[in-house]
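Colleague: Below you'll find the structure I mean.
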Amino acid sequence: MSAKIIDGKKISEILRTETAEAVKNRPEGTRKPGLAVIIVGDDPASKIYVNNKKKACEICGFNSYEYAMPADTSEKELLSLIDRLNNTTEVDGILCQLPLPSHIDENKVIDAISPEKDVDGFSPVNTGNLLAGKPCFAPCTPAGVVEMLKFEGIETAGKHCVIVGRSNIVGKPAALLMLRENATVTICHSRTENLPEQVKKADIVIAAIGKANFITEDMIKEGAVVIDVGINRLPDGKVTGDVDFEKVKEKAAAITPVPGGVGPMTITMLMKNTLEAWKRNL
Ligand code: NDP
């Protein structure tokens, strides 16, 4: 059996088109959604991400406001910009690209973004609401994973989902979102004993480790769904996931590739969160 390849790029295009339609057909006299993106310093990877976000805003018909600040920007200056954006009507969502230079406290910055504009879903209010099962902006990458599963009509209720990785931006929120979808959830991490045995029990595997080809076919139950969040750059410059794609795809029922799987969904969910914030502000 060869797995169905879940095409995150195609799903993203469809969802972004739907978002663009919603903006095009907005009530007469209303403004477009607005996303403010802050970047401090000139980390090349961050610049690429910010550019991709700008492009996605164009596709969706959003106004994007970019604030490129020098690396020596003080924490106070950054917090004062966030305060201004929190009070700017045209801005529905605020995103501060991480990582920040080491002299700035990331937690302080995340805490400063108004929860209503925290479209990245990292603020304590949104993470608390996610935990409590209340409406919230969920972090975009795990939200994208759930959206993909729904789009593909993959049953989650009652299924055993094993997540490898427990970071605040992927693993932990993925677990809460899968619980919300009524899956039975196991979270594995670097201290898990017998990790292959745990993963082998999964109907759905979510790999968010950051180690190329970590999940091998002997860890996968025949017919499982495998979602690969990992992004790893190999010495030859190629990008690969956390799953040994070529071998695992012969055993899984469905699998996401890297690139072209979860990656595009992350920005798509950022657009969806911003659209939602805008609707609340109309
Ligand atoms: P982190 O480094 O923050 O977390 C990695 C997790 O993997 C940790 O919980 C760690 O466990 C666990 N881990 C590491 N080694 C092992 C091991 N040998 N066995 C079991 N568990 C292990 O990474 P992120 O969560 O931020 O990202 C994970 C991957 O996803 C990365 O490749 C990243 O680039 C990618 N990513 C992709 C995104 C996308 O848009 N597609 C967005 C965000 C991330 P412990 O806690 O015990 O240390």
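Colleague: Can you tell me which aspartates and glutamates have their Cα less than 14 Å from the Cα of Lys150? Leave out same-chain residues fewer than eight positions away.
Modeller: Correct list for Lys150: Asp7, Glu181.
Colleague: Once you compute Rg and the Kirkwood Rh from C-alpha atoms, what is the Rg to Rh ratio for segment 138-282?
Modeller: 0.98
Colleague: Just need the Rg to Rh number for the chain, please, alpha carbons only, Kirkwood Rh.
Modeller: Taking Rh as the inverse mean 1/r over Cα pairs, Rg/Rh reads 0.98.
Colleague: Say the cut-off is 19 Å between C-alpha atoms; which of Lys249/Lys272; Lys32/Lys117; Lys9/Lys55; Lys9/Lys54 go over it?
Modeller: In this structure, Lys249/Lys272 exceed 19 Å between Cα atoms.
Colleague: Next up: Could you order the peptides 87-98, 141-152 from most to least packed, using the average number of other C-beta atoms within 10 Å per residue?
Modeller: 141-152, 87-98
Colleague: Taking the Cβ of Ala212 as the centre, find all other residues whose Cβ is under 11 Å away and add up their charges (Lys, Arg: +1; Asp, Glu: -1).
Modeller: Summing Lys and Arg as +1 and Asp and Glu as -1 gives 0.
Colleague: Here's a follow-up. How much FRET efficiency would the formula 1/(1 + (r/R0)^6) give for Thr17 and Glu193, where r is the Cβ-Cβ distance and R0 is 41 Å, rounded to 0.05?
Modeller: 0.35
Colleague: Amide H neighbours of Cys96 under 5 Å, counting only residues 5+ apart in sequence or on other chains, H built in-plane at 1.01 Å?
Modeller: Ile38
Colleague: Rounded to the nearest whole Å², what accessible area per residue is found for segment 1-83 with the 1.4 Å probe?
Modeller: With the other protein chains kept in place, segment 1-83 gives 57 Å² per residue.
Colleague: Sticking with this structure for a sec: Each label point is 7 Å from the Cα along the Cα-to-Cβ direction; what then is the distance between the points at Glu155 and Asp236, in nm?
Modeller: With each label point 7 Å from Cα toward Cβ, the separation is 4.1 nm.
Colleague: Take the solvent-accessible surface of the protein heavy atoms, probe 1.4 Å, and return the percent of it on the chain that carbon and sulfur atoms account for.
Modeller: 51 percent
Colleague: Order these peptides, 272-281, 215-224, by their mean beta-carbon neighbour count within 10 angstrom, highest first.
Modeller: For the peptides 272-281, 215-224, the packing ranking is 272-281, 215-224.
Colleague: Counting only the backbone N, which residues of segment 25-62 are under 20 Å from the spot 7 Å out from the Cα of Asp72 toward its beta-carbon?
Modeller: So the set is 39-44.
The values are calculated or read from the model by the stated rules, or taken from the named source; none is laboratory data. All values reported here derive from a predicted model rather than from experimental measurement. Ideal geometry is used to build each Cβ from the backbone, glycine not excepted, and the neighbour counts take in all protein chains shown. Note: areas computed on protein heavy atoms with side chains; ligands, DNA, RNA excluded. Shrake-Rupley method; radii C 1.70, N 1.55, O 1.52, S 1.80 Å.
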